[in-house]
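The structure under discussion appears below in the form of structure tokens.
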Amino acid sequence: MNDQTYNGWTNYATWRVNLEMVDGLDPREHFTGSKDVYELATEIEEYIKGYIDEFASGMALDYALAFLDEVNWREIAKYMAEAYELFQTEDAA
């Protein structure tokens, strides 16, 4: 089995996108429609892909989107949700 983890994240793409594009974003300001981690992950992915689409085109856009397809959006959303204590978990009593 080939271990693809990077700095504690699923892979390099997930770590890099979180580090350079998501870290520091307050989800309460940017992603108001989410009610759970899955919805937050979808909103983060759409936000980042929309951002990339504004600045890249042609082959550069194709490569950027291929890189983003490797991102574990749910991992980023879970990390963000925990950091900002967005959702109640079943563990909380």
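List every residue whose amide H lies under 5 Å from the amide H of ASN11, counting only residues 5 or more places away in sequence or on a different chain, with H placed 1.01 Å from N in the peptide plane.
Residues meeting the criterion, in which the H sits 1.01 Å from N, are TYR6.
Mind checking the angle between helix 73-83 and the chain's longest principal axis? C-alpha axes, 0 to 90 degrees, to the nearest 10.
Helix 73-83 sits roughly 40 degrees off the main axis of the chain.
Expressed as a rounded percentage, what relative contact order does the chain have, with Cα pairs under 8 Å and six or more residues apart?
Working: 65 pairs, mean separation 34.4, N = 93.
Relative contact order of the chain: 37 percent.
What is the Å³ per residue value for the convex hull set by the Cα atoms of the chain?
Values: hull volume 10.9 nm³, N = 93.
Spread over its residues, the Cα hull of the chain gives 118 Å³ apiece.
Hey, what do the phi angles of the range 23-28 turn into as Karplus ³J(HN,Hα) couplings, whole Hz, using 6.51/-1.76/1.60 and θ = phi - 60°, x for Gly and Pro?
Each residue's phi maps through the Karplus curve to give 3, x, 6, 7, x, 5 Hz.
Contour minus end-to-end for THR42 and ASN11, with contour as 0.36 nm per residue of separation and end-to-end as the Cα-Cα distance? Mind dumping the intermediate values first?
On the way: separation 31, 0.36 × 31 = 11.16 nm, distance 1.84 nm.
Taking THR42 through ASN11 to full extension adds about 9.3 nm, to one decimal.
Excluding PHE55 itself, what net charge comes from residues whose Cβ is under 15 Å from its Cβ, given Lys and Arg +1 and Asp and Glu -1?
On the way: positive: LYS49; negative: GLU20, ASP53, GLU54, ASP62.
Cβ neighbours under 15 Å give a net charge of -3.
Along the range 52-59, what does the Karplus equation 6.51 cos²θ - 1.76 cosθ + 1.60 (θ = phi - 60°) give for ³J(HN,Hα), rounded to whole Hz, x for Gly and Pro?
4, 4, 6, 10, 10, 8, x, 5
Where a number appears in this text, it was derived from the coordinates with a stated rule and is not lab data. Just so you know, these numbers come straight off a predicted model, no measurement behind them. Methodologically, a virtual Cβ is constructed for each residue, glycine included, from the backbone with ideal geometry; neighbour enumeration extends over all protein chains shown.
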